[in-house]
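The values are calculated or read from the model by the stated rules, or taken from the named source; none is laboratory data. Since this is a predicted model, take the numbers as computed values, not measurements. As a convention, Cβ positions derive from the backbone with ideal geometry for all residues, glycine included, and neighbour counts pool all protein chains shown.
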Amino acid sequence: MPNSKRKTGLGKGLNALVDEAQYETGNGSGDIAVPIEEVVPNPHQPRTQFHKDELNELSDSIREHGVLQPLLVRKTKKGYEIIAGERRYQASKLAGLREVPVIIRDVDNEEMLTLALIENLQRSDLNPIEEARGYQQLLKEGHLTQEALSKAVSKSRSAITNTLRLLDLPVQVQDLLFGGKLTAGHARAILAVPYEDERIRLAEKVVNDGLSVRATETLAPLFSVETASRSPRPLTPHSFKKAARTLRQKFNTNVRVKTLRGKNKIEIEFKDEEELMRILAQIIDQKE
């Protein structure tokens, strides 16, 4: 749970956090070495996808030169929890290191999430869906306005809004974007199509035919016209959107409430068995 002293947001500590993230990506000093088995991953890490080839390259470099930039961590009962430097941690494990250099900072969950997101954005390591989920999590858990978020990550409010809109895409399309089969430009063009099934159909065509963003933008109005020529269907009720938003906040993952082929469905996204068990536990607790 976030520190109770920070219910109103990050406030004046925000600039210090940005400076901290910039410091962490530069030359480290005052670091100490700790056993790698005492270091635990960041549960708020916005980046969930690490490319195997890049990790192997970094691991080879670490074997030869060591870890040149220390991990930024906080001390917990479990050990040293990573604030920033997850990729270096993973590569250090691959390299067989017994110890890693760390810089210890006393931060709460909100600051931790902000630093992790800023570090990844500075390195352009996040894919568009990870970036959107990171923004969504910061707005929710960090109690930030979009204006404060835009200052924290040095992005315009319109850029943040456009990125967040990617979470309005059907889960199938988000998966294609997450997997690198679609670009953010493709996704924005697909968002111009009003209905989910047509968005999915257009996304599949883009992937199967290898269409460019410009070609996708040209096709999108045609899919919209085709949709309009069908018998009218009601738009997704406001209550559906409100329910999806509430569930997203409760489970801290992407949730969609939708109507497809005459049936109403709730889709809850999870990345692994551990996250599925967490969500299931929350559902059971709520029932009790």
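Please indicate, with yes or no, whether at least one residue in the range 104-114 is hydroxyl-bearing (Ser, Thr, Tyr), out of contact with any Pro (no Cβ under 7 Å at 6 or more places or on another chain) and either surrounded by fewer than 22 Cβ atoms within 10 Å (Cβ to Cβ) or at pLDDT 80 or above (or both).
Among the residues of the range 104-114, not one is hydroxyl-bearing (Ser, Thr, Tyr), out of contact with any Pro (no Cβ under 7 Å at 6 or more places or on another chain) and either surrounded by fewer than 22 Cβ atoms within 10 Å (Cβ to Cβ) or at pLDDT 80 or above (or both), which makes the answer no.
Of everything in the range 58-109, what is in a loop (DSSP other than H, G, I, E, B), within 23 Å of the chain's Cα centre (by Cα), of a type outside the set (Asp, Glu) and over 14 Å from residue 31 (Cβ atoms)? Give them in sequence order.
107
Please go through the range 34-68 and pick out each residue that is at pLDDT 85 or above and crowded, with 16+ Cβ neighbours inside 10 Å.
Matches in the range 34-68: 34, 36, 39, 58, 59, 62, 67.
Just checking, which of 233, 278, 248, 214 is under 18 Å from residue 175 (Cα atoms) and either modelled with pLDDT of 75 or more or part of a loop (DSSP other than H, G, I, E, B) (or both)?
Of 233, 278, 248, 214, the one residue that is under 18 Å from residue 175 (Cα atoms) and either modelled with pLDDT of 75 or more or part of a loop (DSSP other than H, G, I, E, B) (or both) is 248.
Kindly indicate which of 150, 124 is at pLDDT below 85, under 13 Å from the mean Cα position of the chain (by Cα) and over 19 Å from residue 254 (Cα atoms).
Residue meeting the stated conditions: 124.
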